[in-house]
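Inspection log for the structure reproduced underneath, given as structure tokens.
A short reminder: the numbers here are calculations on the coordinates, not readings from a lab. From a predicted model like this one, the values you see are computed outputs, not experimental measurements. Positions of Cβ are generated from backbone atoms using ideal geometry, with glycine treated the same way; all protein chains shown enter the neighbour counts.
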């Protein structure tokens, strides 16, 4: 197990601090701007777009963290919602968050994304702000692509490098603290999505945060 994975699995002040940050809009906006030069309103817009497209869908949220997405999708009618994470402490926070929302058909699963047991079961896989904490991001994307049905979408965001020295310095800081794994470039992200067999690939950057979406080709 990688040092970064163990950091998140242990459940330290890092996990609780991150959960607090992303669940408080003003804090999240300030942090992402100062650390990554990013406008986090882009993430809220992304979730609003997701909300408009998921009625009746089966959704995989990995890593689900402390359930930050739950509140944004509360009240939607989903056929299935699986929140998966490698961190027991994050799943515990997510379970508490689920009690506050109206998410139906919710399952919580502790697993490593690369070895997820899912095969063509979901219409949508969300992966927000997690790839840069994974020791094998290419393998993670391949597993996400495997988990969605033909015509399904893999969508999310990740921190990338090569967007400016200031942003890269923050990435290096979190790596030294064992919070981030190896962090890659926008071109690497595009390559992983393509290698996973996905098409209709889009990547939009806000500072050092890249928002991506790609579709699994429908069977002919």
With Rg from the Cα atoms and Rh as the Kirkwood inverse mean 1/r over Cα pairs, region 5-113 has an Rg/Rh of 0.97
Cβ density ranking, 10 Å radius, fewest first, applied to 87, 77 yields 77, 87
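How much length, in nm to one decimal, is gained on full extension between residue 20 and residue 149, taken as 0.36 nm per residue of separation minus their Cα-Cα distance? Intermediate values should be presented prior to the final figure.
Details: separation 129, 0.36 × 129 = 46.44 nm, distance 3.32 nm.
Length gained between residue 20 and residue 149: 43.1 nm.
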Placing each pseudo-label 7 Å from Cα in the direction of the beta carbon, residue 74 and residue 120 end up separated by a distance in nanometres of 3.7
Of all DSSP beta bridges with both partners in region 3-215, the antiparallel percent, nearest 5, is 40
Placing one equal point scatterer on each C-alpha of the chain and summing with Debye, one gets log10 I(q)/I(0) at q = 0.07, 0.10, 0.16, 0.18 Å⁻¹ equal to -0.19, -0.39, -1.12, -1.48
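Among 100, 23, 216, rank each residue by its count of other Cβ atoms within 10 Å, from fewest to most, as a rough exposure measure.
100, 23, 216
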Going fewest to most other Cβ atoms within 10 Å around each Cβ, 72, 132, 24 line up as 24, 72, 132
